[in-house]
């Protein structure tokens, strides 16, 4: 099994998956290899797979179990195609249902966290504002560049999906009193780089420069915890700003605009605007 897993990883590399996706797949394959690496392909049974997945489910790691099951399904499908086995041992297992427990973030809570962010650093406050007014993922917000601004728009290619967006600089979120143009102008001050989000702080050996998604996420969590806000065991993370943005824009401009801004592509969306098939930017 181990030799086949190594081969399967090579197959994935040839598909040119996104770096983050490939990183997740490698970790999943390594986990599967630890469990089944020494077992012959033909000896892996449905019971083996079920027991393996159950070990994660009982630890309340249903999302991880679901991801591992998906990878196992694909691995054994490839094995079947090459004639090594005739049935997929992962097929009869059930897909673990993952219940999202992270709390949603309300506008009133965001405003408190945003105010606290100013005491942390200027870039932390800028990151919060940019994420909320644009509705983009943290990976994309951290990669916003001034060179991506032209013709009155901020051009964005989403890291996760490759979806292309052209956000107007006059994009306004009234409920939060935020305008994209004002934010980008503010971020230019004392910023010698092309990255819109930039830190001049030297701390713990860190040199001035652009921010990483992990750094932004950790800062947001630290700031959130420094406030008097009370959350449950799964408080909202930085990514919840994307959900908050979608809800606020839905109220102000409707569901179609919110979905287009977030870059979600489904049957409803494709009926509303022309699908450029990745060749052009979608004008928001």
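The values are calculated or read from the model by the stated rules, or taken from the named source; none is laboratory data. Predicted model only: the values in this text are computed from it and were never measured. Every residue, glycine as well, gets a Cβ built from its backbone with ideal geometry; the counts of neighbours run over all protein chains shown.
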* Check off (1) out of contact with any strand residue (DSSP E or B) (no Cβ under 7 Å at 6 or more places or on another chain); (2) free of Cβ contacts under 8 Å to residues at least 40 places away in the same chain; (3) surrounded by fewer than 15 Cβ atoms within 10 Å (Cβ to Cβ); (4) in the same structural domain as residue 229 (by TED's automatic domain parsing) for residue 125 and give me the number that stays unchecked. => (3)
* Given the conditions (1) closer than 29 Å to residue 159 by Cα; (2) surrounded by 13 or more Cβ atoms within 10 Å (Cβ to Cβ), report the number of the one that residue 23 does not fulfil. => (2)
* To do: Give me the pairs, please: first residue somewhere in the stretch 170-190 and under 17 Å from residue 247 (Cβ atoms), second residue anywhere and at pLDDT 95 or above and surrounded by 15 or more Cβ atoms within 10 Å (Cβ to Cβ), beta-carbon distance under 6 Å, and either six or more positions apart or on two chains.
  => 171/180; 172/179; 173/133; 176/132; 178/129; 178/133
* Please identify the pairs in which a residue from the stretch 243-255 that is within 15 Å of residue 177 (Cα to Cα) has its Cβ atom under 7 Å from the Cβ atom of a residue that is surrounded by fewer than 17 Cβ atoms within 10 Å (Cβ to Cβ), counting only partners at least 6 apart or on another chain. => 244/107; 248/107; 248/175; 249/257; 252/174; 252/175
* Would you say residue 175 is over 17 Å from the mean Cα position of the chain (by Cα), part of a helix (DSSP H, G or I), surrounded by 13 or more Cβ atoms within 10 Å (Cβ to Cβ) and at pLDDT 90 or above? -> yes
* To do: Please give the number of the condition residue 235 fails out of (1) in contact (Cβ under 8 Å) with a residue 40 or more places away in the chain; (2) touching a strand residue (DSSP E or B) at 6+ places or on another chain (Cβ under 7 Å).
  => (2)
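Where in the stretch 206-284 are there helices (runs of 4 or more DSSP H), lying wholly inside it, with at least 1 residues that are modelled with pLDDT of 90 or more?
Numbers: elements: 213-226, 240-253, 255-262, 267-270.
Here the list reads 213-226, 240-253, 255-262.
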* Go over the candidates 63, 50 one by one and state the one that is part of a helix (DSSP H, G or I) and loosely packed, with under 15 Cβ neighbours inside 10 Å. => 63
* Asked: Can you find even one residue in the stretch 87-99 that is in a helix (DSSP H, G or I) and modelled with pLDDT under 95?
  -> no
